[in-house]
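Engineer: Before I ask anything, here is the structure I am working with.
Every read-out reported here was derived from the displayed coordinates using simple, explicitly stated rules and does not represent laboratory data. Because the structure is predicted, anything quoted here is derived from the model rather than measured. A quick note on method: Cβ atoms are made from the backbone with ideal geometry, for glycine too, and the neighbour counts reach across all protein chains shown.
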Amino acid sequence: MFSLDQENISTSPASTKGPVKYGELIVLGCNGSLPSGDKGRRKSRFALCRRNKSNGVKPSTVHSSCTPQAAKAVSNKEQHSISYTLSRAQTVVVEYTHDSNTDMFQIGRSTEIPIDFVVTDTLPGGQNQADDQAVQSTISRFACRIICQRNPPFSARIYAAGFDSSKNIFLGEKAAKWRMQDGQMDGLTTNGVLVMHPRHGFSQGSKPGVWREMSVCGNVFTLRETRSSQQRGKTVDSECNELVDGSLIDLCGATLLWRTADGLAHTPTVKHLEALRQELNAGRPQCPVGLNTLAFPSLRRKDVPDEKQPWAYLRCGHVHGYHGWGGRRDPAVEAEQQERECPMCRTRGPYKPLWLGCEAGFYVDAEPPTHAFVPCGHVCSGMTTAYWSQIPLPHGTHAFHAACPFCIQPLGRESGCIRLIFQSPLD
């Protein structure tokens, strides 16, 4: 079995010291770990490594009618197959055969054995559905599968839907499905698997790409009118289902970031982020009113503000220590939503504690933390806030909006980020 132990994974696909790593999937809205803690296959990031024995599959025989061979393929728990129900009287079954050149990884909400990476709905503020079972999940139990080439260049391709415990995928009558020119079938899952590839890589010069939908066979389409419409979008022949560094995968309830092994090798590490934190604190930033020294808490502490916690007025960027004055009490507005007046410039706006972004995989560079997302207060480099502020992330079944990658909270309409203004010590 392949290892889930991230400490023993080599950072370069070409490395011979340990298992070859194809890349990692990181859940947006998790600032370093799940709110309830990373446990087993349910975690905030998942490494895809070359397996000791390949388990990839590829399409082979197509059964266009309910023949004994088709029935055998569906009932055989050692045989992968996809069933396309066209009507009560007709089901097309496509057999899949073993592919020794690829490894398959499956992602979904189900905790059954075929799912390698269990993903639950991520709610704004860094919560996940485990904290609120009243919310009905829109993530498919067997949402998608990623097929990785076992040999260089170790390409990874994404396909909608995953095989269940019986090694079957069933597309019912209501699912969008069609026959292709070569006789093979294809289709879309209920809420779909959306993918966005960034332009110019995942770096300081990155720009958002266009959201597309991936089919069961890995073909690319424009988005449907609504997430679950039976009418598919238009075919996009000029694009493919190969993931690139920085590709975003939306499962209708959770969004994942794909980082290649090579991309991660050029990404800041948690140690680097810790060094930047210590350097920032070594500058002894002060509250310009109370003149007390401020300090960002350790990366492990990201819940309750302490007495040295930096706070900021997120419309002007002035950094202060916490103080309880400057707000006009409005009984109709919750305390967290109350706007405050900055004592430095008299600008009114959100007044929030600042937290460092701990998930290194979200950074597009290794520069110091100088900017904060608005209105959540997560702090990282300027280029990183600029990049994520441009990306319209799927929200619900039909809306899109930019959000902080660390907590998935929607960003402010005027500006999704602000440059922070620190007061240096006067002595």
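Engineer: Using the charge dipole of the chain (Lys, Arg: +1 at Cβ; Asp, Glu: -1 at Cβ; taken about the Cα centre), state which of Pro369, Gln309, Ala161 has its Cα farthest towards the positive end.
Structural biologist: Positive-end residue among those listed: Ala161.
Engineer: On full extension of the chain, what length is gained from Ser60 through Met344, given 0.36 nm per residue of separation minus the C-alpha to C-alpha distance? Please report the intermediate quantities before stating the final value.
Structural biologist: Numbers: separation 284, 0.36 × 284 = 102.24 nm, distance 6.95 nm.
Between Ser60 and Met344, full extension yields 95.3 nm more.
Engineer: If R₀ is 35 angstrom, what is the calculated FRET efficiency for the pair Ser137 and Leu291, using the beta carbon separation as r and rounding to 0.05? Write down the numbers at each step before the final one.
Structural biologist: Values: r = 50 Å, r/R0 = 1.42.
That pair, Ser137 with Leu291, gives E of 0.10.
Engineer: Using only alpha carbon positions, build the gyration tensor of the range 6-265, then give the equivalent ellipsoid semi-axes as the square roots of 5 times its eigenvalues, largest first, whole angstrom. Display every interim value, and only then the final one.
Structural biologist: Numbers: eigenvalues 167, 92, 73 Å².
Square roots of five times the eigenvalues give 29, 21, 19 Å.
Engineer: For Glu225 and Ser203, what does the FRET efficiency come to when R0 = 41 Å and r is the distance between their Cβ atoms, rounded to the nearest 0.05? Intermediate values should be presented prior to the final figure.
Structural biologist: Numbers: r = 34 Å, r/R0 = 0.83.
The formula returns an efficiency of 0.75 here.
Engineer: Per 5 Å bin, what is the whole-percent P(r) computed from every C-alpha pair distance within the range 349-427?
Structural biologist: 3, 16, 27, 24, 15, 8, 4, 2, 1, 0, 0, 0
Engineer: Could you tell me the relative contact order of the chain? Use alpha-carbon pairs under 8 Å, at least six residues apart, and round to a whole percent.
Structural biologist: Numbers: 1002 pairs, mean separation 58.6, N = 427.
After rounding, I find 14 percent.
Engineer: On to the next question. Starting from the 7 Å offset along Cα-to-Cβ, what nm value, one decimal, do you get for the label separation of His398 and Ser415?
Structural biologist: 3.4 nm
Engineer: Report the one residue of His272, Leu299, Thr120 whose Cα lies farthest in the direction of the positive end of the charge dipole of the chain (charges on C-beta: Lys and Arg +1, Asp and Glu -1; origin at the Cα centre).
Structural biologist: Farthest along the dipole direction, towards plus: Thr120.
Engineer: Dipole size in debye (nearest 20) for the range 270-419 around its Cα centre, Lys and Arg Cβ +1, Asp and Glu Cβ -1? Don't skip to the answer; put the middle values down first.
Structural biologist: Numbers: 16 positive and 14 negative charges, 54 e Å.
It works out to roughly 260 debye.
Engineer: Kindly identify the range 270-419 as rounded, prolate or oblate by the Cα gyration tensor criterion: order the square roots of the eigenvalues as a ≥ b ≥ c, call it rounded if a/c is under 1.5, otherwise compare a/b with b/c, prolate if a/b is larger, else oblate.
Structural biologist: Details: a/c = 1.84, a/b = 1.06, b/c = 1.73.
Oblate.
Engineer: Still on this structure: In this model, which of Lys21/Lys167; Lys43/Lys77; Lys43/Lys352; Lys177/Lys234; Lys39/Lys77 are farther than 21 Å apart at the alpha-carbon? Don't skip to the answer; put the middle values down first.
Structural biologist: Details: Lys21/Lys167 25 Å; Lys43/Lys77 28 Å; Lys43/Lys352 28 Å; Lys177/Lys234 13 Å; Lys39/Lys77 28 Å.
Checking Cα-Cα distances, Lys21/Lys167; Lys43/Lys77; Lys43/Lys352; Lys39/Lys77 exceed 21 Å.
Engineer: Something else about it: Quick one: length gained pulling Gln278 to Asn52 fully straight, 0.36 nm per residue minus the C-alpha distance?
Structural biologist: 77.3 nm
Engineer: Looking at His80, Ser137, Gly192, which one has the Cα that reaches farthest to the positive end of the dipole of the range 6-265 (charges on Cβ: Lys, Arg +1; Asp, Glu -1)?
Structural biologist: Most positive-ward Cα: His80.
Engineer: Treat the count of other C-beta atoms within 10 Å as a stand-in for reagent exposure and order Ser64, Ser215 from fewest to most. Mind showing how you got there, number by number?
Structural biologist: Details: Ser64 15, Ser215 25.
Going from least to most buried by this count: Ser64, Ser215.
Engineer: Calculate how steeply helix 270-282 sits against the longest principal axis of the alpha-carbon atoms of the chain, using the helix alpha-carbon long axis, and give the answer as 0 to 90 degrees to the nearest 10.
Structural biologist: That helix lies at roughly 10 degrees to the long axis.
Engineer: Ok, one more. Run through the range 175-255 and list the trypsin sites (Lys or Arg not before Pro) located in a DSSP loop whose Cβ has at most 11 other Cβ atoms within 10 Å. Walk me through the numbers on the way to the answer.
Structural biologist: Working: sites: Lys177, Arg179, Arg199, Arg212, Arg224, Arg227, Arg232, Lys234; in loops: Arg224, Arg227, Arg232, Lys234.
Answer in residue order: Lys234.
Engineer: Compute, for the chain, the length of the dipole vector about the Cα centre, with Cβ point charges of +1 (Lys, Arg) and -1 (Asp, Glu) only. Units Debye, rounded to 20. Could you put the intermediate results ahead of the total?
Structural biologist: Numbers: 47 positive and 40 negative charges, 80 e Å.
In total the dipole reaches around 380 debye.
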